[in-house]
1. How would you rank 216-229, 50-63, highest first, on the average number of other Cβ atoms within 10 Å across their residues?
2. Let me know the number of lysine pairs in region 48-181 closer than 22 Å at the Cα, not counting same-chain pairs under 8 apart.
3. What FRET efficiency comes out for the pair Lys249/Glu224, r = Cβ-Cβ distance, R0 = 45 Å, nearest 0.05?
4. With each pseudo-label sitting 7 Å past Cα toward Cβ, what's the Ser96-Thr231 distance in nm, one decimal?
5. Stretch Ser75-Asn116 to full length: gain in nm at 0.36 nm per residue minus the Cα-Cα span?
6. Tell me the per residue accessible area of region 106-187 using a 1.4 Å probe; a whole number in Å² is fine.
7. Ordered by packing density, taken as the mean number of other Cβ atoms within 10 Å over each peptide's residues, highest first, how do 71-79, 99-107 rank?
8. So for the pair Thr156, Ser123, with labels modelled 7 Å out along Cα→Cβ, what separation do we get in nm?
Amino acid sequence: MINFFKKVRLKLLFDGRLQNYLKYAAGEIILVVIGILIALQINDWNENRKLNGVRNIYYRQILIDLDREIKNINSRIDSLEKSVNSYNAYKEYVSSENPTVEQILMALSGVVETFNYMSFNSSTIESLELTGDIKLIPRNLRTELINLRRGQEIMTTVATDNDNVYLFNLQKAGNMGFYQILNGRAVKGSIKNNDIADKIKRNYADIILIADAAYALKNFTEKEKINGFKTMLKQIDTIRKMIQRELDK
């Protein structure tokens, strides 16, 4: 094909038909340019197809993470609400029954003591940020994902700080005999060492103050967690809908 065009150009040139030669040469250049543009367009199309493939993989993985997060959050909300209810029952009892010191201590044993540190399923979002592939995501969706991640980080930091203070104070009360009281041993008089039992009883008022303050902080933190989780569920629902629209295009 190249030899054919070359022969045509030489024939036109040798025949003295310079004007026709120039027209032909210009046409050939235009064809070459068009060919290059088509090749570039095809290359761009292939690159866009590859990027769309990568982007869709991220979308589906994010949806998997978010579905797990929804289950995780709902489970945590259930546990937190039970803990909050146990503290509310204790406060209602203390404020309405005019209990003795011993009864207050035993009522404290009904408050849920355990808690869980915060954790989230954000591995795909973290991967997007670390690799720089976050730029593949449309700006509005990218903003929502980053806001979700930042909100999780802030919530984790605040909750962890409060939880650590709670543990410190609860341990302080424990060192004064609170754990023996939770087991009913100090109140029922089953501790064999009378000196230890007497010391614990002398600490009743301080134990109540410290334990009550610890549980109050825990209760406040848990209610904040519940509110934060519910807000997070709304964010996740928005993000899931945005991703689904992108996948449907």
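The values are calculated or read from the model by the stated rules, or taken from the named source; none is laboratory data. Quick caveat, the model's predicted, so the values are computed rather than measured. With ideal geometry, Cβ positions are generated from the backbone for all residues, glycine too; neighbour counts draw on all protein chains shown. Note: accessible area is taken over every heavy atom of the protein model, side chains too, but ligands, DNA and RNA are not part of it. Shrake-Rupley method; radii C 1.70, N 1.55, O 1.52, S 1.80 Å.
1. Averaged packing, sorted descending, gives the order 216-229, 50-63.
2. 4
3. Efficiency for this residue pair is about 0.70.
4. It is 3.2 nm.
5. Between Ser75 and Asn116, full extension yields 13.6 nm more.
6. Working: 4200 Å² over 82 residues.
Per-residue accessible area for region 106-187 comes out at 51 Å².
7. Output ranking for 71-79, 99-107: 99-107, 71-79.
8. 1.4
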